[in-house]
Amino acid sequence: MLVSGPPGAGKSTVAALLASDGPPAVHLPADDFWGFVVAGAISPYRTAAHRQNETVMGVVASAAVGYAGGGYRVFVDAVVGPWFLEPFVTAARAAGVELRWVVLRPDEETVVARAAARGPGALTAPAPVRAMYDQFRDLGRYEGHALDTGDESATTTAARVREHLAGPGSLLVAAARR
């Protein structure tokens, strides 16, 4: 399950809630994977980070399908728009596991305020947060994957996401029949 959206949308909080309420599950915060790049790391929101970001997303996708193949429900929280779906789709198809995607999209001011309030090491600067928000403003053919989660508690959002992920509108790749 990909739980996505711009910084400050609530991805980490919601993914952690979803992973903690059922059978064996894994929460994979993609931000951790960027932290593994030590020498030569580029802030992921910079244009020069494109190749690095593709690599990191490929590694996250591989880790996710690895856990899924082992029988775990996997909740990846990451800034994954249509531009980063391909590594997840390819990995899920190759592993024969299901892939679902939801985009948390509260209003822009909520996202900026939440991002600004985050702790050390997090992206808090309004300009890049707004730029990343703009990338999720119109998802085109994927618009049905977006949920307006403004003015909701994390618990309410998690319940809505759980319902969305159970429905057909979130499915990107069906599990292979075995």
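The values are calculated or read from the model by the stated rules, or taken from the named source; none is laboratory data. It should be emphasised that the depicted structure is a prediction, and the values quoted were computed from it without experimental measurement. Here Cβ is always computed from backbone atoms with ideal geometry, including for glycine, and neighbour counts include all displayed protein chains.
General remarks:
- Only residues that are of a type in the set (D, E, K, R) and either touching a strand residue (DSSP E or B) at 6+ places or on another chain (Cβ under 7 Å) or surrounded by 15 or more Cβ atoms within 10 Å (Cβ to Cβ) (or both) were counted across region 15-37, and they come to 1.
- Subset of region 158-175 (residues that are touching a strand residue (DSSP E or B) at 6+ places or on another chain (Cβ under 8 Å), of a type in the set (A, V, I, L, M) and either within 16 Å of Gly22 (Cβ to Cβ) or not in a strand (DSSP E or B) (or both)): Val161, Leu165
- Exactly one residue among Val76, Val65 is at pLDDT 95 or above and in contact with a Leu (Cβ under 6 Å, 6 or more places away or on another chain), and that residue is Val76.
- Filter pass, Pro128 being over 30 Å from Pro168 (Cα atoms) and exposed (fewer than 14 other Cβ atoms within 10 Å of the Cβ): no
- Candidates Ala146, Ala159, Ala91, Ala116 - the one that is among the aliphatic types (A, V, I, L, M), modelled with pLDDT of 95 or more and over 26 Å from Val59 (Cβ atoms): Ala159
- Test: residue in region 32-55 that is within 23 Å of His145 (Cα to Cα) and either of a type in the set (Gly, Ala, Ser) or in contact with a Lys or Arg (Cβ under 8 Å, 6 or more places away or on another chain) (or both): no
- Residues (over 20 Å from Ala92 (Cβ atoms) and out of contact with any helix residue (DSSP H, G or I) (no Cβ under 6 Å at 6 or more places or on another chain)) located in region 148-178: Asp148, Asp151, Glu152, Ser153, Thr155, Thr156, Ala159, Arg160, Glu163
- Picking from residues in region 100-152 that are of a type in the set (A, V, I, L, M) and in a loop (DSSP other than H, G, I, E, B), the one that is nearest to Gly5 (Cα to Cα) is Leu139.
- Residue that is nearest to the chain's Cα centre (by Cα), among those in region 38-57 that are at pLDDT 90 or above and surrounded by 15 or more Cβ atoms within 10 Å (Cβ to Cβ): Met57
- In region 81-113, residue surrounded by the fewest Cβ atoms within 10 Å (Cβ to Cβ) [restricted to those that are farther than 12 Å from Phe136 by Cβ and of a type in the set (Lys, Arg)]: Arg93
- Filter result for Ala166 (among the aliphatic types (A, V, I, L, M), under 29 Å from Ala41 (Cα atoms) and out of contact with any Leu (no Cβ under 9 Å at 6 or more places or on another chain)): no
- For region 49-73, residues that are more than 12 Å from Val37 (Cβ to Cβ) and in a helix (DSSP H, G or I) total 14.
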